[in-house]
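Asker: Sharing a structure, written as structure tokens. Questions coming.
Readers should treat all values here as calculations from the given coordinates under stated rules, not as data from a laboratory. Here the structure is a predicted model, which means the values were calculated and not measured. Glycine gets a Cβ as well: all are built from the backbone with ideal geometry, and neighbour counts include every protein chain shown.
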Amino acid sequence: MKFLCLVYLSQERMDALTPEEQRTLDRDSIAYDQRLEAEGVLLGSLPLDSSRKAVSLRRVKGCLTQTEGPYVETKEVLGGWILVDVPSIDDALRIAASIPVVQYGGVEVRPVYQMQA
């Protein structure tokens, strides 16, 4: 089954990292993804840039509006994702619990919906 691990971060905590702490986190995250790839379970992963750089689109009364910033203002922002293919949600939760950047936020694990034509 495919599961998407949505990584949510405290932008404040991420902004407070020193350059060396950020480099260490980046190295740890790359190594983690490489381990998942070697295990044959990683389908894809990407970190996201700051939510301050986001642009949100909404349809309001038939008109498309554009807003600078994230879709919703929250304490934690979507910081990245990891897509895995594992036998069970327990396996996906094990993977999510070990994501290096989780120390700065949390992870939501969701099964991928299989569309039927």
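Asker: Restricting attention to the stretch 43-106, which trypsin sites (Lys or Arg not before Pro) occupy a DSSP loop and are surrounded by at most 11 other Cβ atoms within 10 Å?
Answerer: Filter output for the stretch 43-106: 61, 75.
Asker: While we're on this one: Skipping prolines and chain starts, which residues have an amide H placed within reach, meaning under 5 Å, of the one on residue 54, given they are 5 or more residues away or on another chain?
Answerer: Close amide H contacts, sequence-distant or interchain: 69.
Asker: Something else now. Among 47, 87, 19, which one moves the most in a GNM of the chain with springs linking Cα atoms closer than 10 Å?
Answerer: 19
Asker: Picking from 64, 46, 88, whose Cα lies most toward the positive end of the charge dipole for the stretch 14-96 (charges on Cβ: Lys, Arg +1; Asp, Glu -1)?
Answerer: Projecting each Cα onto the dipole axis, the largest value belongs to 64.
Asker: Cα centroid distance between the stretch 81-113 and the stretch 1-45, in Å?
Answerer: The distance from the Cα centre of the stretch 81-113 to that of the stretch 1-45 comes to 11 Å.
Asker: Using per-residue counts of other Cβ atoms within 10 Å, averaged over each peptide, order 24-32, 96-104 from highest down. Working shown, then result.
Answerer: On the way: 24-32: 14.1, 96-104: 16.2.
Final packing ranking: 96-104, 24-32.
Asker: Please check: in the Gaussian network model of the chain (C-alpha springs, under 10 Å), which one of 68, 76, 37 has the largest mean-square fluctuation.
Answerer: Of the options given, 68 has the highest mean-square fluctuation.
Asker: Near residue 3, within a Cβ-to-Cβ distance under 13 Å, what is the net charge of the other residues, with Lys and Arg +1 and Asp and Glu -1? Write out the running numbers ahead of the final one.
Answerer: Values: positive: 2, 94, 110; negative: 85, 90, 91, 108.
Here the charged neighbours net out to -1.
Asker: Please list, in order along the stretch 54-61, the HN-Hα scalar couplings obtained from phi with the Karplus expression 6.51 cos²θ - 1.76 cosθ + 1.60 (θ = phi - 60°), rounded to whole Hz, x for Gly and Pro.
Answerer: 6, 10, 10, 10, 9, 9, 10, 6
Asker: Explain nothing, just compute: Karplus ³J(HN,Hα) = 6.51 cos²θ - 1.76 cosθ + 1.60, θ = phi - 60°, for every residue of the stretch 34-48 in order, whole Hz, x for Gly and Pro.
Answerer: 5, 5, 4, 5, 5, 6, x, 10, 7, 9, x, 7, 8, x, 9
Asker: A further question follows. With a sphere of radius 13 Å drawn around the Cβ of residue 43, what net charge do the other residues whose Cβ falls strictly inside it have (Lys, Arg +1; Asp, Glu -1)?
Answerer: On the way: positive: 2; negative: 33, 37, 39, 85.
With Lys, Arg at +1 and Asp, Glu at -1, the net is -3.
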